[in-house]
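Colleague: Quick one: this structure, given as C-alpha cells, is what I'll be asking you about.
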Amino acid sequence: MINESRRPDAGRNASPFLHGHEAASVARVLESGQYGHTDVTEKFERRIARYLSVPYAVAVTSGTAALHTALLAAGIKAGAEVIVPSMTFCATVQAILAVDATPRFIDIDATTMCVTPDLVTKAITDATGAVIPVLFGGRAVDLTPIRADLAERGITVIEDAAHAFGSRNHTNNRLVGSNATVLTCFSFGPIKNLTCGQGGAVIPRTPDEAHTLRRLRLLGVAQSQSDRAETTTYQVHGFGLRYQLSGLNAAIGLAQLDHFDMAAAARRHLWRTYRAALTEVRDVTLIDVDPDHAVPHLCQIRVPRRDEVFAHLRKAHIGVGVHYPPNHLQPAFATWHRPLPATEQAGEQILSLPFHQHLTEVDIAHVVRALRAALDATGTTPRT
Ligand SMILES: *Cc1c(COP(=O)(O)O)cnc(C)c1O
C-alpha cells in the first residue's frame, strides 16, 4: 500500500517547462495587434537558426506540419514508400499519409528505442523515397554509415526531432538540426523540450529548399507577410498550406529560447535523479537516452505486467503514460502491418514516468516508492 500523503505534482505526466517570461513576451504581441506571421515569427526563425548555427529555420504551426512540409519539399510523391519506425507518435505516420505516400514500418533497437542503419537498410526498396528516423526520447540517430548509399539511391533523410531540440549527436557532438545533409523537423508543442504553445520548425538543407518551405507554409505565396505590406499584390507560385507560425506562438518560443539552457539542465538533472533512484528497483529497465548528449524528453522504463503496474500507479495518483502504442498495430494503419518483434515487446512493457519541471527530488522518491509498491502488488512471488 502507498500510505504517504498525495503529491499533486507527481500526478502529472508532463507539463511545459516555463521560465516566467513567456507571459510578458506574449502580452507585447497582443498589445501590438499583429497576431499573424509577423516580424516576431521571423525573429524566432532567426533565433532558432542562430542557436543551431545554421543559415535558416522555417517555422510552422506544429511538428506534424513540419513533417508534412518537409515531405512535400523533398518531393515525396503519392505511392512512394517512406521508412518509419512503428514506435513513434501517430503524427509521424499521419504526415506520411498526408502526401499519399506509404509508411514502411520498421523495428527499433530494444535498448535505445531508435532505428539503426542496419534496420533502415533492410527496408529499402526501389520505391523508397524517404526515411524518417525518430529521435526517441531526445536521443540522436546517426545514419552516417549509410548516408552515401541513401544519397546514391535518392532517398531523403527527414529527422523527426520532435523530442530532440537541444540534443547533440553522440558521434560528433553537433546539435541535432545542424547536419546539412538531412531535413530536420522539430515540434514546439506544449510539452516538448522547447514550446511555442503549439509550433514547429523545419531546418532546410539548401537555400532553395528554404525558399520552397517558406512558400509551402504560406499558401504558396512567395513573399513573407511583412514584405506584402509594401506591395499592392501577391503572387501564388504553387501548392501551399496555411502552416505559418503566429507571432503569439513565436513570442512564447522567443522567451523560451532565452532560457533554454536552464530547461535543458533541469531535464538532464531530473533524468539523472530518476536514474539514481531506479538503480535499486528490481525488474525495471531504464531506457538510456544518453543524457550526456541528449536533452531528455521522457523518462521511460520497461516493466513486467505493465498494464497492471500502470493501473496501480494511476490509482496512487502517479502520472504515468505510455509513449507510444505501436503504430503498425493501430486500426487505421493495419494495411501496412508487418511483424516487428522488438516494437511489439516494447509496446507491452514501456511506461513513462512523470517528467516536468515541477517535480522535486522528494516527488521523484515518491514516484519510485509507488513504482516499487506497484511491482510488489502485481508480482506473483514475494519479494525481499
Ligand atoms: C509531438 C510529436 C510529433 C508532432 O508534433 P506536434 O507539434 O504535436 O504536431 C511528431 N513526432 C513525435 C515523435 C512527437 O513526439
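Colleague: Being among the small types (Gly, Ala, Ser) and assigned to a loop (DSSP other than H, G, I, E, B) is the filter here, so list the residues in region 239-281 that pass it.
Modeller: Within region 239-281, Gly240, Ser246 qualify.
Colleague: (1) within 16 Å of the ligand (Cβ to nearest atom); (2) touching a helix residue (DSSP H, G or I) at 6+ places or on another chain (Cβ under 6 Å); (3) aliphatic (A, V, I, L, M): which one isn't true of Ala110, the others all being true?
Modeller: (1)
Colleague: State which residue is nearest to the ligand (Cβ to nearest atom) when the search covers only region 183-201 and only residues that are of a type in the set (Ser, Thr, Tyr) and closer than 18 Å to His259 by Cα.
Modeller: For region 183-201, the residue satisfying everything is Ser187.
Colleague: How many residues are within 15 Å of the ligand (Cβ to nearest atom), more than 16 Å from the chain's Cα centre (by Cα) and either outside any strand (DSSP E or B) or at pLDDT below 95 (or both) when one looks only at region 70-95?
Modeller: Summing the residues that are within 15 Å of the ligand (Cβ to nearest atom), more than 16 Å from the chain's Cα centre (by Cα) and either outside any strand (DSSP E or B) or at pLDDT below 95 (or both) in region 70-95 gives 1.
Colleague: Of the residues His297, His328, which single one is outside any loop (DSSP other than H, G, I, E, B) and buried (at least 22 other Cβ atoms within 10 Å of the Cβ)?
Modeller: Selected residue: His328, the only one of His297, His328 that is outside any loop (DSSP other than H, G, I, E, B) and buried (at least 22 other Cβ atoms within 10 Å of the Cβ).
Colleague: Would you confirm, using the coordinates I've provided, whether Ile158 is over 25 Å from Val303 (Cβ atoms), β-branched (Val, Ile, Thr) and either under 18 Å from the mean Cα position of the chain (by Cα) or assigned by TED's automatic domain parsing to the domain that holds His297 (or both)?
Modeller: Spelling it out, Ile158 is indeed over 25 Å from Val303 (Cβ atoms), β-branched (Val, Ile, Thr) and either under 18 Å from the mean Cα position of the chain (by Cα) or assigned by TED's automatic domain parsing to the domain that holds His297 (or both).
Colleague: Another question, then. Give the number of residues within region 311-325 that are surrounded by fewer than 19 Cβ atoms within 10 Å (Cβ to Cβ), touching a residue at least 40 places away in the same chain (Cβ under 8 Å) and more than 16 Å from the ligand (Cβ to nearest atom).
Modeller: 1
Colleague: I'd like to check something: does region 173-187 contain any residue that is at pLDDT 95 or above, under 17 Å from Thr61 (Cβ atoms) and among the charged types (D, E, K, R)?
Modeller: No, that holds for no residue.
Colleague: Please verify whether Cys185 is closer than 25 Å to Ala264 by Cβ, touching a residue at least 24 places away in the same chain (Cβ under 8 Å) and part of a strand (DSSP E or B), treating the condition exactly as stated.
Modeller: yes
Colleague: Could you please find all residues in region 63-90 being surrounded by fewer than 23 Cβ atoms within 10 Å (Cβ to Cβ) and in contact with a Leu (Cβ under 8 Å, 6 or more places away or on another chain)?
Modeller: Leu72, Ala74
Colleague: Restricting attention to region 49-69, which residues are within 16 Å of the ligand (Cβ to nearest atom) and outside any helix (DSSP H, G or I)?
Modeller: Ala57, Val58, Ala59, Val60, Thr61, Ser62 - these are the residues of region 49-69 that are within 16 Å of the ligand (Cβ to nearest atom) and outside any helix (DSSP H, G or I).
Colleague: Now, a different point. From Thr116, Thr88, which residue is closer than 17 Å to Ala140 by Cα, free of Cβ contacts under 8 Å to residues at least 40 places away in the same chain and assigned by TED's automatic domain parsing to the domain that holds Phe165?
Modeller: Thr116
Colleague: Quick one: how many residues across region 153-182 are in a strand (DSSP E or B) and either more than 10 Å from the ligand (Cβ to nearest atom) or farther than 24 Å from Phe17 by Cα (or both)?
Modeller: 6
The values are calculated or read from the model by the stated rules, or taken from the named source; none is laboratory data. These numbers come from a predicted model, not from an experiment. Cβ: placed from backbone, ideal geometry, glycine included. Neighbour counts: every protein chain shown.
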